[in-house]
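For reference, the structure discussed in these notes is given below.
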Amino acid sequence: MLAAHLGYGLGASKAVLAVLPDGLPPRSCELVGPEGGRRPLTAGPVEAVPGWHAGPFARIALPADLAAGSYTVLLVDGTGREAVSEPFGVSADRLQRQTMSDVLAYFRAMRSSGEIDRKDRHARLWGDESGREVDARGGWLDASGDPSKFLSHLTYTRTMSPQQIPLCAWALAAARDVLAERHPALVRSLGARLRDEALWGADFLVRFRAPEGYFYTGIFDALTKRLDERVVTAPLAECVRTDRYQAAYRQGGGLAIAALARAATLGDRGDFTGPQYLEAALAGFHHLEAYNLDYLDDGTESVTDDYAALLAASELVAAGAPVTAAARRRARRLTDRYVRPDGGGPGWFLADVEGRPFFHAVEAGLPVLALLRFATVLPDAPEAGPARDVAVEAMLDVLDRTAAVPNPFGCPRQRVRPAGGEDRDAFFFPHANETGYWWQGENATLASLAAAACWCAEAAGVTGADRERLLAFADDQLAWITGRNPFQVCMLQGRGRNNVDYESDFPNLPGGIVNGITSGWADEEDIAFLPADAPQGESWRWAEQWIPHTGWFLLAVASAR
């Protein structure tokens, strides 16, 4: 029996999943309540997820009106054997109270300090012999086994650059505002901590800028863990370092601008003032408006540039900067990228000049969030209605694609194109892709989609039925991350059951989220988590913590029921 280890909020959709390897439907199932009272439950169909060796499963929906308390589910399977779920709690703000303080503690523990900061205060640039230095202190270290600091890596790709430190700074600030709207009882305990951590990230971004006006992409030691190897650079595969360290919109520059603009509205200050955050954001924006193409390896913008630049412009407008025309232009460009197949069915965003569909292992929900943020900030703009409509349509199409195959977990599916392959719908990111090596667990992208679904559910014009579908989808993603997955692993260190270690020399920290579940090592139609057939040294793909997972999870939880 599979249940979310951390329980469910009062208003959340609630379900457990029965694992039925013999494929027989359950004979009976009951909910056992806090006082021992029992209520009959109805199991859904027995379903095998296509390609997965795990299962089959039957989803058992729980009553929507459950009172606060501790519950279990008792099941008699098709052979007459009894199974009892682990107890799970139901209470107001359940997931928020179980996770958000821990996540904030994780970010504080990941702050760059000590000898690393003493070195980074005088960081050198790769390939530069002039003696120029960068004050790169502060920010957050990237992952359990990587003390680098990145606005983004994989910057040599068109669409795979993940948003890293800037995303986390923006998500912390956005989560504070969303929490005040949806879980106001928690603002007193969490609001100041969210703001303080967001400002810590913003302070780093102010410093990590070149006199010419651009943001640097990252500081990296080529995974040597040696202080003397830490340099400002943009790495390629195999840790090859380059001097292409100017961050374009899609390479972290756009989200850096968005984070700084949002920091300017927080009503407090870190090492810099609100006007200084806004000044840095606006200067960075004007620079990229002029030079973005120059910083791209292929000289051509992609959908990632569009949504990063749109969020940057929207946050600047929200902070009072006069960039409305640029925001409207980017909204049109991103909206126009959405295509619907001729034969009907779910659509997708066009990613690049090759006409590939947009898919992402880290931030699949970010185009939707950028469109919604624009529509909220500029509600009277002619582009606001179309932006909101496309955002909702794109998210509902994700739901339709997800439900197009037996899928009792509600695990999301994306339209993907593997390198050298054909377009197809898939649960997991293809191993063959433009990086040449990089794929890993997708807890970040699941949480980004959960946040996007929650924001869409509150958009104007969303009907009651669609609103419930969107919120239920978000609940499914958070349940997956907190243990209701085929491996019964809670991905949040220190909570739930079956937490995993990464490496003894690089332990995972309480409150952080590990990379997560992928397709099979040899069979990409299958599902895997630390599979036995993976070679030694590959455990990072599943078991290592990474700050984008945790930042996206924080925003999703703040946005959820």
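The values are calculated or read from the model by the stated rules, or taken from the named source; none is laboratory data. Because the structure is predicted, anything quoted here is derived from the model rather than measured. Glycine gets a Cβ as well: all are built from the backbone with ideal geometry, and neighbour counts include every protein chain shown.
Going by the structure shown, is D475 acidic (D, E) and in contact with a Cys (Cβ under 9 Å, 6 or more places away or on another chain)? Spell out how you get there, then give the answer.
Details: acidic (D, E): yes; in contact with a Cys (Cβ under 9 Å, 6 or more places away or on another chain): no.
It is false that D475 is acidic (D, E) and in contact with a Cys (Cβ under 9 Å, 6 or more places away or on another chain).
Out of all the residues in the range 215-225, which are surrounded by fewer than 24 Cβ atoms within 10 Å (Cβ to Cβ) and in contact with a helix residue (DSSP H, G or I) (Cβ under 6 Å, 6 or more places away or on another chain)? Reasoning before the result, please.
Just the residues of the range 215-225 that are surrounded by fewer than 24 Cβ atoms within 10 Å (Cβ to Cβ), to begin with: 221-225.
Correct list: D221, A222, L223.
May I ask you to verify whether A202 is in the same structural domain as A283 (by TED's automatic domain parsing), in a helix (DSSP H, G or I), surrounded by fewer than 18 Cβ atoms within 10 Å (Cβ to Cβ) and of a type outside the set (S, T, Y)? I'd like the intermediate steps shown before the answer.
On the way: in the same structural domain as A283 (by TED's automatic domain parsing): yes; in a helix (DSSP H, G or I): yes; surrounded by fewer than 18 Cβ atoms within 10 Å (Cβ to Cβ): no; of a type outside the set (S, T, Y): yes.
For A202, the condition - in the same structural domain as A283 (by TED's automatic domain parsing), in a helix (DSSP H, G or I), surrounded by fewer than 18 Cβ atoms within 10 Å (Cβ to Cβ) and of a type outside the set (S, T, Y) - is not met.
Which count do you get for residues in the range 207-227 that are out of contact with any Leu (no Cβ under 8 Å at 6 or more places or on another chain), farther than 11 Å from A123 by Cβ and in contact (Cβ under 8 Å) with a residue 24 or more places away in the chain? Write out each step before concluding.
Start the filter on the range 207-227 by keeping residues that are out of contact with any Leu (no Cβ under 8 Å at 6 or more places or on another chain), which leaves 207, 209-213, 219-220, 222-227.
The next check asks that each one be farther than 11 Å from A123 by Cβ; those that pass are 209-213, 222-226.
Pick out the ones that are also in contact (Cβ under 8 Å) with a residue 24 or more places away in the chain and you get 209-210, 212-213, 223, 225.
Residues in the range 207-227 being out of contact with any Leu (no Cβ under 8 Å at 6 or more places or on another chain), farther than 11 Å from A123 by Cβ and in contact (Cβ under 8 Å) with a residue 24 or more places away in the chain: 6 in total.
Look at the range 110-125 and say how many of its residues are assigned to a loop (DSSP other than H, G, I, E, B) and either hydroxyl-bearing (S, T, Y) or within 22 Å of Q163 (Cβ to Cβ) (or both). Talk me through it step by step, then tell me what you get.
Quick first cut of the range 110-125, residues assigned to a loop (DSSP other than H, G, I, E, B) only: 110, 112-113, 121-122.
Still in the list and also either hydroxyl-bearing (S, T, Y) or within 22 Å of Q163 (Cβ to Cβ) (or both): 110, 112-113.
Selection size over the range 110-125: 3.
Can you tell me which condition P34 does not meet? The list is (1) modelled with pLDDT of 95 or more; (2) touching a strand residue (DSSP E or B) at 6+ places or on another chain (Cβ under 6 Å); (3) not in a strand (DSSP E or B), and all the others hold.
Going through the list (1) modelled with pLDDT of 95 or more; (2) touching a strand residue (DSSP E or B) at 6+ places or on another chain (Cβ under 6 Å); (3) not in a strand (DSSP E or B), P34 breaks only (1).
Of (1) of a type outside the set (D, E); (2) touching an Asp or Glu at 6+ places or on another chain (Cβ under 7 Å); (3) over 20 Å from L378 (Cβ atoms), Y245 satisfies all except one. Which?
Result: Y245 fails condition (2) only.
Is there a residue in the range 517-536 that is buried (at least 24 other Cβ atoms within 10 Å of the Cβ) and assigned to a loop (DSSP other than H, G, I, E, B)?
yes
Determine if the range 488-509 includes at least one residue that is more than 20 Å from the chain's Cα centre (by Cα), modelled with pLDDT of 95 or more, of a type in the set (A, V, I, L, M, F, W, C) and under 26 Å from V90 (Cβ atoms).
No; the residues of the range 488-509 include none that is more than 20 Å from the chain's Cα centre (by Cα), modelled with pLDDT of 95 or more, of a type in the set (A, V, I, L, M, F, W, C) and under 26 Å from V90 (Cβ atoms).
Output the residue which, of all residues in the range 386-441 that are crowded, with 17+ Cβ neighbours inside 10 Å and basic (K, R), is nearest to E544 (Cα to Cα).
So, considering only residues that are crowded, with 17+ Cβ neighbours inside 10 Å and basic (K, R), the one nearest to E544 (Cα to Cα) is R413.
Can you confirm whether L95 is aliphatic (A, V, I, L, M) and either buried (at least 21 other Cβ atoms within 10 Å of the Cβ) or more than 26 Å from A453 (Cβ to Cβ) (or both)?
Values: aliphatic (A, V, I, L, M): yes; either buried (at least 21 other Cβ atoms within 10 Å of the Cβ) or more than 26 Å from A453 (Cβ to Cβ) (or both): yes.
Yes; evaluated as a whole, the condition is true for this residue.
Which one is surrounded by the most Cβ atoms within 10 Å (Cβ to Cβ), of the residues in the range 232-256 that are assigned to a loop (DSSP other than H, G, I, E, B) and among the polar types (S, T, N, Q)?
Just the residues of the range 232-256 that are assigned to a loop (DSSP other than H, G, I, E, B), to begin with: 233-236, 240-245, 247-248, 252.
Cutting the leftovers down to among the polar types (S, T, N, Q) gives us 233, 242.
Values: T233: 27, T242: 15.
Checked the range 232-256; the qualifying residue surrounded by the most Cβ atoms within 10 Å (Cβ to Cβ) is T233.
Report, by residue number, each residue of the range 37-63 that is of a type in the set (G, A, S) and either buried (at least 19 other Cβ atoms within 10 Å of the Cβ) or not in a loop (DSSP other than H, G, I, E, B) (or both). Full working, then the answer.
Within the range 37-63, the first condition is being of a type in the set (G, A, S), and the residues that meet it are 37, 43-44, 48, 51, 54-55, 58, 61.
Result: A43, G44, G55, A58, A61.
For every residue, the table says whether it meets (1) touching a helix residue (DSSP H, G or I) at 6+ places or on another chain (Cβ under 9 Å); (2) not in a loop (DSSP other than H, G, I, E, B).
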site	(1), (2)
S70	no, yes
T79	no, no
E86	no, no
L95	yes, yes
R108	yes, yes
A171	yes, yes
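A375 passes all but one of (1) surrounded by 17 or more Cβ atoms within 10 Å (Cβ to Cβ); (2) outside any helix (DSSP H, G or I); which number fails?
So the condition that A375 fails would be (2).
Somewhere in the range 480-488, is a residue in a helix (DSSP H, G or I) and in contact (Cβ under 8 Å) with a residue 24 or more places away in the chain? Spell out how you get there, then give the answer.
Just the residues of the range 480-488 that are in a helix (DSSP H, G or I), to begin with: 480-481.
Next, only the ones that are in contact (Cβ under 8 Å) with a residue 24 or more places away in the chain stay: 480-481.
Yes, because at least one residue in the range 480-488 is in a helix (DSSP H, G or I) and in contact (Cβ under 8 Å) with a residue 24 or more places away in the chain.
Determine which member of the set P45, P63, P87 is closer than 17 Å to S13 by Cβ, at pLDDT 95 or above and not assigned by TED's automatic domain parsing to the domain that holds A472.
Details: P45 fails: closer than 17 Å to S13 by Cβ; P87 fails: closer than 17 Å to S13 by Cβ.
Only one candidate passes the filter, namely P63.
Which one is surrounded by the fewest Cβ atoms within 10 Å (Cβ to Cβ) among residues in the range 136-165 that are small (G, A, S) and closer than 17 Å to V231 by Cα? Can you show your working first?
The initial filter retains those residues of the range 136-165 that are small (G, A, S), namely 136, 138-139, 143-145, 148, 152, 161.
From what's left, closer than 17 Å to V231 by Cα: 136, 138-139, 148, 152.
Numbers: A136: 25, G138: 24, G139: 30, S148: 19, S152: 31.
Checked the range 136-165; the qualifying residue surrounded by the fewest Cβ atoms within 10 Å (Cβ to Cβ) is S148.
Could you tell me which of the residues R330, R373, R340 is under 26 Å from the mean Cα position of the chain (by Cα) and under 23 Å from E422 (Cβ atoms)?
Working: R330 fails: under 23 Å from E422 (Cβ atoms); R373 fails: under 23 Å from E422 (Cβ atoms).
Of the residues listed, the single one that is under 26 Å from the mean Cα position of the chain (by Cα) and under 23 Å from E422 (Cβ atoms) is R340.
For F473, which of the numbered conditions (1) closer than 27 Å to S101 by Cβ; (2) among the hydrophobic types (A, V, I, L, M, F, W, C); (3) assigned to a loop (DSSP other than H, G, I, E, B) fails to hold?
Looking at each condition in turn, F473 falls short on (3).
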